[in-house]
Ligand code: ADP
Ligand code: MG
Ligand code: ZN
């Protein structure tokens, strides 16, 4: 049989997707391969088809227990003998499967990476015909990714100890250069044939909403998209529960999913979403890797995730069937503070913390840009050769009115310069506004010539403009929890009137009311976050706030 015949006869498809054929042929010719395709690009077929055309059994290593079962069920249905081994099976069941493997009964065997440590399994693998190992979600081997799994480090040891080295194929939807290097290096791929397909997903509509009331937005959106299937990602368990309950109380069929639920509860939630009993899934990022639900019509992010990579992977779960779908990120500056707090709490290695702040900042810039969102996404994956306007994102379609803010930008840049590039955006904004903040007076910043030169804007508006200047590259933030604002090589052009600066008008917030309230809520949330964190591991008994007014408030609270 040819690869095309297998595609047609077994899987019922009539053409290969971009990249599939090249990877399949590489494997069949005995080359190691590295396949980098976006979520839902069709990576599974790239190892399933070769397994049918090679003698012996193919081993698929995957961290995703639910995916293993789904794929094995599907394969069995279409007449391909396959099995999986993971912690959901009893010892007795595993024994039967191991015997079957010994007898060469399966074409494909899926295993979780932990299994590779078992001597019995290794012994078996060394004594059967094993021409090919596929490593799915290969980015899990890299500590730079958002999904690091220590057990992935077992893979190269396992392969090395086999009598005969099989062809090794690695697959991932992660395209950042550090991680790709890690995969090739740590998995010991031998001059792999590398295929990176376009990361563009033309059927996805990208949108960023700033300064909206999130709850109202979500409810309005769901009302307008009745009975459509969608995922709403929140950053914390508490938020998942809050929003999930709200939707349920309003009569919407919503499941919730987070790491704090029992295994049974999570399975039930997942199944009722997969089988369309509930149309909405409210979840933390614990939900979704490997979920192959084709008709997800929208993915809303209630909070900003930790990086563009994580965002694109989560948002990419919409529209797997190629139909038009929405990916909407609800942005609020408070969520950025929260993410930074989480980085600070969870990342003891300063280099990696810096990398995490930088990854987060890229996504923050995405939220502030008035240029094409798709362009910004693809730029992250090194694929911005796309045309300037995609006409399928909120920046391109909403035809935002632009306001020139060159003069404001000049004032801000000069103020940063006068402040010797040593302070964060809160203090810069306070100086420009002419605030009487005690800290500012103590530092003598009220004597600067830029003190009080933007009296007609609120501090919040000035901070917004600073964020916009950062997103456009006219200012930079140091990569830390309390970033300092710095000038960049592009600042000069604005100061010398050689370049104009614009912002989209709808990004100007209406008023400052409710500011204190938001801070109080945020304080509560950070406090409970830190409580949860300290239950999980040993963290020092203090809490650091990203905002001076919060820190002041904290001293007055128990
Ligand atoms: P990935 O692992 O890259 O996220 P999957 O392998 O789960 O993606 O494939 C996503 C969907 O695309 C699946 O429903 C799969 O059946 C479908 N698919 C894969 N290859 C093709 C193809 N050549 N033609 C049509 N559909 C395909
Ligand atoms: Mg996959
Ligand atoms: Zn666009």
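The values are calculated or read from the model by the stated rules, or taken from the named source; none is laboratory data. As the structure is a computational prediction, the values presented were derived from the model and not from experiment. With ideal geometry, Cβ positions are generated from the backbone for all residues, glycine too; neighbour counts draw on all protein chains shown.
The figures follow:
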read-out	value
All strands (runs of 3 or more DSSP E) inside segment 128-231 with 3 or more residues being away from ligand 3 (no atom under 16 Å from the Cβ) and surrounded by fewer than 22 Cβ atoms within 10 Å (Cβ to Cβ)	193-196
Strands (runs of 3 or more DSSP E) completely within segment 253-317 that count 2 or more residues being within 24 Å of residue 44 (Cβ to Cβ)	280-283, 296-301
Single unsatisfied condition, residue 330 versus (1) under 24 Å from residue 231 (Cα atoms); (2) in a helix (DSSP H, G or I); (3) in contact (Cβ under 8 Å) with a residue 40 or more places away in the chain	(2)
Scope segment 68-86; condition near ligand 1 (Cβ under 10 Å from one of its atoms) and buried (at least 20 other Cβ atoms within 10 Å of the Cβ); matching residues	71
Residue in segment 371-391 that is under 20 Å from residue 464 (Cα atoms) and over 18 Å from the mean Cα position of the chain (by Cα) present	yes
Filter result for residue 265 (away from ligand 1 (no atom under 16 Å from the Cβ), in contact (Cβ under 8 Å) with a residue 12 or more places away in the chain and over 22 Å from residue 205 (Cβ atoms))	no
Total residues in segment 90-117, condition exposed (fewer than 15 other Cβ atoms within 10 Å of the Cβ) and outside any helix (DSSP H, G or I)	4
Enumeration of residues in segment 163-178 that are away from ligand 1 (no atom under 16 Å from the Cβ) and modelled with pLDDT under 95	163, 164, 176, 177, 178
Of residues in segment 51-67 being more than 14 Å from ligand 1 (Cβ to nearest atom) and part of a helix (DSSP H, G or I), the one farthest from residue 99 (Cα to Cα)	53
Residue under evaluation residue 54, criteria (1) farther than 21 Å from residue 168 by Cα; (2) touching a residue at least 24 places away in the same chain (Cβ under 8 Å); (3) more than 16 Å from ligand 2 (Cβ to nearest atom), criterion not met	(1)
Single unsatisfied condition, residue 142 versus (1) more than 15 Å from ligand 2 (Cβ to nearest atom); (2) touching a helix residue (DSSP H, G or I) at 6+ places or on another chain (Cβ under 8 Å); (3) at pLDDT 95 or above	(3)
Flag if residue 257 is touching a strand residue (DSSP E or B) at 6+ places or on another chain (Cβ under 6 Å) and without any contact (Cβ under 8 Å) to a residue 60 or more places away in the chain	yes
Any hit, segment 18-38, residues being closer than 27 Å to residue 140 by Cα, at pLDDT below 95, more than 15 Å from ligand 2 (Cβ to nearest atom) and not in a helix (DSSP H, G or I)	yes
Hey, residue 413 away from ligand 3 (no atom under 16 Å from the Cβ), outside any loop (DSSP other than H, G, I, E, B) and more than 17 Å from the chain's Cα centre (by Cα) or not	yes
Whichever residue in segment 35-54 is touching a strand residue (DSSP E or B) at 6+ places or on another chain (Cβ under 6 Å) and within 19 Å of residue 200 (Cα to Cα) and, among such residues, is surrounded by the most Cβ atoms within 10 Å (Cβ to Cβ)	35
Filtered residue count, segment 372-389, keeping only those that are modelled with pLDDT of 90 or more and assigned to a loop (DSSP other than H, G, I, E, B)	1
